[in-house]
Amino acid sequence: MKHQRGFTLLEMMVVVAIIAILAAILIPNFTHARAQAATSACMSNMKTIATAMELYYTDNQAYPIASTQEVTKVSGLSTYMGNQNPVDPAGSGSYEITSGKSATGVWSYQIWCPGTHDPSTLKSIQPAGSTTNTTIKYDNVAGMTTSNGAGN
């Protein structure tokens with residue numbers, strides 16, 4: 001009996017403790033990396049839509065008129081997007097566009113992301129001091145910004 005091989009209870013407890021510590025360190029990092037990837041993909045989709053809007057403007061000298069419409073329903077825009085509908089990785093729904101001409105004759109548009117993002121992944125575009133904004137907006141004048149909800 002003296003020559004039996006195996007692990008002692010103390011050795012097993014040390015291994016389990018090491019695995020638990022590694023899991024406690026890695027799981028939050030993986031979660032944040034996934035949230036950051038969703039935010040980056042959303043921003044990239046919005047830039048693709050903005051490029052399509054600019055191409056439309058180049059050909060027509062005006063942006064397509066949209067009163068808070070889904071991207072897929074904006075007349076003529078799908079041609080410039082290669083007939084693809086960008087999907088938001090952070091939520092459900094389609095990106096929304098509001099566009100038109102102001103009273104002074106200046107064309108503008110805004111693109112809204114339908115999903116909710118982790119505020120910690122929006123630090124590069126958050127207004128100073130804001131930590132509660134979870135929605136991304138692209139404006140052809142102001143660029144990429146955030147707000148606390150779609151349409152705000």
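The values are calculated or read from the model by the stated rules, or taken from the named source; none is laboratory data. Given the structure is predicted, the values throughout are model-derived calculations rather than measurements. Quick reminder, even Gly has a Cβ in these numbers, built from the backbone with ideal geometry, and neighbours come from all protein chains shown. These area figures cover heavy atoms from the full protein model, side chains too; ligands, DNA and RNA do not enter into them. Shrake-Rupley method; radii C 1.70, N 1.55, O 1.52, S 1.80 Å.
Figures for the structure shown
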{"read-out": "Exposure ranking of Arg34, Arg5 by accessible area [1.4 Å probe, largest first]", "value": "Arg5, Arg34"}
{"read-out": "Relative contact order (percent, whole number), segment 36-79, Cα cutoff 8 Å, 6+ residue spacing", "value": "25 percent"}
{"read-out": "Distance from segment 63-108 to segment 18-52 (C-alpha centre basis), Å", "value": "26 Å"}
{"read-out": "Percent RCO, i.e. relative contact order, over the chain, from Cα pairs under 8 Å lying at least 6 residues apart", "value": "17 percent"}
{"read-out": "In Å, descending, principal axis extents of the Cα set of segment 53-152", "value": "39, 32, 19"}
{"read-out": "Karplus-derived HN-Hα couplings along segment 103-117 (A = 6.51, B = -1.76, C = 1.60, θ = phi - 60°), whole Hz, x at Gly and Pro", "value": "4, 8, x, 8, 7, 8, 8, 10, 10, 10, 7, x, x, 9, 10"}
{"read-out": "Contour minus Cα-Cα distance for Thr51 and Ser67 (0.36 nm per residue)", "value": "3.9 nm"}
{"read-out": "Chymotrypsin sites (Phe, Trp or Tyr not before Pro) within segment 27-57, DSSP loop, no more than 10 other Cβ atoms inside 10 Å", "value": "none"}
{"read-out": "Asp59, Asp88, Asp118, ranked by accessible area, largest first (probe 1.4 Å)", "value": "Asp59, Asp118, Asp88"}
{"read-out": "Label zone at Ile125, where the point sits 7 Å out along the Cα-to-Cβ direction: segment 90-111 residues whose backbone N lies under 14 Å", "value": "90-91, 95-97, 110-111"}
{"read-out": "Helix 9-60 vs. the chain, principal-axis angle (Cα, 0 to 90°, nearest 10)", "value": "10 degrees"}
{"read-out": "Label-point gap, in nm, between Thr31 and Leu10 - each point 7 angstrom along Cα→Cβ", "value": "3.5 nm"}
{"read-out": "Accessible area of Glu11 in the full protein assembly, 1.4 Å probe (Å², nearest 10)", "value": "90 Å²"}
{"read-out": "Label-reachable residues, segment 33-66, where backbone N falls under 13 Å from a point 7 Å from Asn140's Cα toward its Cβ", "value": "49-66"}
